[in-house]
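The values are calculated or read from the model by the stated rules, or taken from the named source; none is laboratory data. Source: prediction; values computed, not measured. With ideal geometry, Cβ positions are generated from the backbone for all residues, glycine too; neighbour counts draw on all protein chains shown.
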Amino acid sequence: HGAAALAHYMAALTGRAERRVREALARLPDGSYQAEERLDDGSPLRVRIAIGGERAVVDFAGSAGVHPGNLNATPAIVRSVVLYVLRLLVDEPLPLNEGLMRAVELHIPAGILNPHFPEDSSRAPAVVGGNVEISQRLTDTLLKALRLAACSQGTMNNVLWGSPRFGYYETVCGGAGAGPGFAGADAVHTHMTNTRITDPEIVEVRYPVRVERFAIRRGSGGAGRWRGGDGVVRELLFLEPMSLSILSQHRIERPYGMEGGEAGQPGRQRVVRASGEVVELGAIDGCEIDAGDRLILETPGGGGWGIPRESV
């Protein structure tokens, strides 16, 4: 077809995306849309979205400083979150392209969302949790500001276990937030994720682990006119010694409800030793495992939307 035809259609795709975003922004009343969410350690994520006509300025001033752990994000992660939320606002299938961001100006101050990386890499801030956890929490912060949906589980529930002989990493689903006219889905990954869990048969064949239970955590979604989705319960039995690590959020802070809907239940994880001793683990935690120990992971439920009918 030639370079000219290719350039023509690429321009058409980006132009269409830009127009759809501008139309979506124009449907919102001009003004300032603000929200704040907090990580389980209290670190704030703040956003102010100033909408005027067909343009928006998204400002993350007031968010936490550089995180001492591994929960730092990068401008690329923040930009991806904003782009994702814009696609939700448009509510129309659009090819992913730069036209989606042409009507939006981003302000990302130095800190947890834009840390400085020195030349000495040994002093660089850790960002692994920013990719899998802050991206989720930031998405829910923007959705809260725009009042598009209640909070989903807001975490990928990263579970890692292994030994010098092997290693394994999985992310675990939870409850989706409800919205105007729809209930949240049970036992799904939401928003900034692209992973699926390994089939239990594969896990058990390849690793000294047994999947004892993988079930919906009934009642963990927040009540509302439209109820939040339920999280899951996942129980693993370990057959030999290994190390266990957890990277998660929403173990203290509950996934918020909207328009009178109730918050979802926070997640929880604990190790039940072969002796019967129970060891509670925090949102970001780990421990050594012995043969016969079990991990019981309960993932968060999504927030509800609207006042529950029984309360009206």
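Is at least one residue of the stretch 188-196 of a type in the set (Ser, Thr, Tyr), outside any loop (DSSP other than H, G, I, E, B) and closer than 17 Å to GLU298 by Cα? Taking every residue of the stretch 188-196 in turn, none turns out to be of a type in the set (Ser, Thr, Tyr), outside any loop (DSSP other than H, G, I, E, B) and closer than 17 Å to GLU298 by Cα.
Residue by residue, here is whether (1) outside the structural domain of GLY264 (by TED's automatic domain parsing); (2) more than 20 Å from VAL85 (Cβ to Cβ) holds:
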| position | (1), (2) |
| --- | --- |
| ASN131 | yes, no |
| GLN136 | yes, no |
| THR155 | no, no |
| ASN158 | no, yes |
| TRP161 | no, yes |
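Of the residues examined, ALA149 is one that is farther than 29 Å from GLU288 by Cβ, part of a loop (DSSP other than H, G, I, E, B) and either in the same structural domain as ASP40 (by TED's automatic domain parsing) or of a type outside the set (D, E, K, R) (or both).
Filter the stretch 68-94 for residues that are in contact (Cβ under 8 Å) with a residue 60 or more places away in the chain, assigned to a loop (DSSP other than H, G, I, E, B) and within 24 Å of VAL132 (Cβ to Cβ) and give the result. Those that are in contact (Cβ under 8 Å) with a residue 60 or more places away in the chain, assigned to a loop (DSSP other than H, G, I, E, B) and within 24 Å of VAL132 (Cβ to Cβ): GLY69, ASN70, LEU71, ASN72, ALA73.
Spot the failing condition for ALA274; the list is (1) surrounded by fewer than 14 Cβ atoms within 10 Å (Cβ to Cβ); (2) in a strand (DSSP E or B); (3) hydrophobic (A, V, I, L, M, F, W, C), and only one is missed. Checking ALA274 against (1) surrounded by fewer than 14 Cβ atoms within 10 Å (Cβ to Cβ); (2) in a strand (DSSP E or B); (3) hydrophobic (A, V, I, L, M, F, W, C), the one that fails is (2). Among the candidates ALA176, ALA185, the residue that is under 18 Å from GLY229 (Cα atoms), part of a loop (DSSP other than H, G, I, E, B), touching a strand residue (DSSP E or B) at 6+ places or on another chain (Cβ under 6 Å) and not acidic (Asp, Glu) is uniquely ALA176.
Residue by residue, here is whether (1) part of a loop (DSSP other than H, G, I, E, B); (2) in the same structural domain as SER122 (by TED's automatic domain parsing) holds:
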position	(1), (2)
HIS8	no, no
LEU13	no, no
ALA17	no, no
ALA24	no, no
TYR33	no, yes
GLU36	no, yes
VAL57	no, yes
ALA61	yes, yes
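Within the stretch 293-307, if we keep just the residues that are surrounded by fewer than 24 Cβ atoms within 10 Å (Cβ to Cβ) and over 18 Å from the mean Cα position of the chain (by Cα), the residue that is farthest from ARG225 (Cα to Cα) turns out to be ASP293.
Tally up the residues in the stretch 285-312 that are β-branched (Val, Ile, Thr) and closer than 20 Å to ALA178 by Cα, please. Don't jump to the end; show me each part of the working.
First pass over the stretch 285-312, keeping only residues β-branched (Val, Ile, Thr): 289, 296, 299, 307, 312.
Then keep just the ones that are closer than 20 Å to ALA178 by Cα; that gives 299, 307, 312.
Selection size over the stretch 285-312: 3.
For beta carbons closer than 7 Å, sequence separation of 6+ or different chains, a first residue in the stretch 265-278 that is not assigned by TED's automatic domain parsing to the domain that holds ALA176 and a second that is part of a strand (DSSP E or B) and crowded, with 23+ Cβ neighbours inside 10 Å, there are no qualifying pairs. For the stretch 69-91, the criterion of a residue being crowded, with 18+ Cβ neighbours inside 10 Å and over 27 Å from ALA17 (Cβ atoms) is satisfied by at least one position.
Surrounded by 15 or more Cβ atoms within 10 Å (Cβ to Cβ), closer than 25 Å to TYR33 by Cα and among the hydroxyl-bearing types (Ser, Thr, Tyr), is that true of THR155? Explain how you work it out, then say what you get.
On the way: surrounded by 15 or more Cβ atoms within 10 Å (Cβ to Cβ): yes; closer than 25 Å to TYR33 by Cα: yes; among the hydroxyl-bearing types (Ser, Thr, Tyr): yes.
Yes.
Report yes if some residue within the stretch 109-123 is surrounded by 14 or more Cβ atoms within 10 Å (Cβ to Cβ) and part of a helix (DSSP H, G or I); otherwise report no. Looking through the stretch 109-123, none of the residues is surrounded by 14 or more Cβ atoms within 10 Å (Cβ to Cβ) and part of a helix (DSSP H, G or I).
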